[in-house]
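The block underneath contains the structure these notes are about, expressed in C-alpha cells.
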C-alpha cells in the first residue's frame with residue numbers, strides 16, 4: 001500500500017506498514033546531494049520533484065525516470081521551470 005497526503009493506493013496488500021518519508025530537499029540538507037537520480041515512484045513523479053525543487057535548481061542533478069500519461073504534462077512543465085530539458 002502506498003499512502004501520501006492525497007490518500008492510499010492498494011496493490012493487493014493485506015497489511016499496512018508506516019515508513020518515514022523525506023523530501024529530496026530535506027535529504028540534501030543532511031547528505032551530499034546526488035549527481036544522478038533514478039526515480040521509480042509509479043505515478044508520484046510530480047510529488048517527488050516538488051519535494052526537491054530547491055535541490056534540483058541548485059545542484060542540477062541528472063535524472064532518469066519514466067512518466068505515465070496523466071503526469072507527463074505537469075512533470076514536463078515542472079522540469080522546464082527548473083531549467084531542465086528532456087531527451
For this session: Within 10 Å of each residue's Cβ, count the other Cβ atoms and sort 18, 50 from fewest upward.
Result: 18, 50
For this session: Indicate the gyration tensor shape class of the chain (rounded, prolate or oblate), computed on the Cα atoms with a ≥ b ≥ c the square roots of the eigenvalues: a/c under 1.5 is rounded; otherwise a/b larger than b/c is prolate and the rest oblate.
Result: oblate
Exercise. So between residue 23 and residue 42, what do we pick up on full extension, going 0.36 nm a residue minus the alpha carbon distance?
Worked result: 5.2 nm
Exercise. Relative contact order for the chain: what is it in percent, counting Cα pairs under 8 Å that are at least 6 residues apart?
Worked result: 26 percent
Problem set entry | Within the chain, helix-based [θ] at 222 nm, where runs of 4 or more DSSP H residues each add -39,500 (n - 2.57), nearest 500 | -10500 deg cm²/dmol
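None of the figures in this text is laboratory data; all of them are computed from the coordinates on show. What you see is a predicted model; the values in this text were computed from it and never measured. Positions of Cβ are generated from backbone atoms using ideal geometry, with glycine treated the same way; all protein chains shown enter the neighbour counts.
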